[in-house]
Amino acid sequence: MDDTVQIRCHRCKASFRDKARRVQSGYSRQCMSCETMLFFEESSIDKNVQRTLREAKRLRKALREEEVVKATSKPFVHRRQ
């Protein structure tokens, strides 16, 4: 599963990707194309920021659930000492 989300700059409309675990409220990132600072806050009026935060949250949850499934699907081996 890909662990990145797509970010779209509000100034130049360029798109780039960043890791979902980084993109949370309070995170900031510089656009790779126009070097504008993008601030990720839940109270932002920018629809691109809101969409990216929602997508990152959804992806982080899916990754956590995948880790739980992996951990619980391994057979338990009891070793005697």
Checking S73 against (1) hydroxyl-bearing (S, T, Y); (2) open to solvent by 40 Å² or more (accessible area, probe 1.4 Å); (3) at pLDDT 90 or above, only one condition comes out false. Which one? (3)
Looking at the range 1-58 only, could you name the residues that are of a type in the set (S, T, N, Q) and closer than 30 Å to V69 by Cβ? T4, Q6, Q24, S25, Q50, T52
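Regarding R21, is this residue basic (K, R), assigned to a loop (DSSP other than H, G, I, E, B) and closer than 21 Å to D2 by Cα? Before the answer, list the steps.
Numbers: basic (K, R): yes; assigned to a loop (DSSP other than H, G, I, E, B): yes; closer than 21 Å to D2 by Cα: yes.
Spelling it out, R21 is indeed basic (K, R), assigned to a loop (DSSP other than H, G, I, E, B) and closer than 21 Å to D2 by Cα.
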Among the residues of the range 38-68, write down those that are part of a helix (DSSP H, G or I) and small (G, A, S). A56, A62
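Filter the range 39-49 down to residues that are closer than 21 Å to F16 by Cα and open to solvent by 50 Å² or more (accessible area, probe 1.4 Å), then give me how many there are.
Counting residues in the range 39-49 that are closer than 21 Å to F16 by Cα and open to solvent by 50 Å² or more (accessible area, probe 1.4 Å) gives 5.
Taking the criterion of being without any contact (Cβ under 8 Å) to a residue 60 or more places away in the chain, of a type in the set (D, E), open to solvent by 70 Å² or more (accessible area, probe 1.4 Å) and not in a helix (DSSP H, G or I), would at least one residue in the range 27-37 satisfy it? Before you say what the answer is, go through the steps one by one.
The first filter runs over the range 27-37 and keeps only residues without any contact (Cβ under 8 Å) to a residue 60 or more places away in the chain, leaving 27-37.
Narrowing the set further to residues that are of a type in the set (D, E) leaves 35.
Adding the requirement that they be open to solvent by 70 Å² or more (accessible area, probe 1.4 Å) leaves 35.
Filter again for not in a helix (DSSP H, G or I), leaving 35.
Yes, the conditions are met somewhere in the range 27-37.
The values are calculated or read from the model by the stated rules, or taken from the named source; none is laboratory data. Model, not experiment: these values are computed from the prediction. Ideal geometry is used to build each Cβ from the backbone, glycine not excepted, and the neighbour counts take in all protein chains shown. Calculation scope for accessible area: heavy atoms of the full protein, side chains included, ligands and nucleic acids excluded. Shrake-Rupley method; radii C 1.70, N 1.55, O 1.52, S 1.80 Å.
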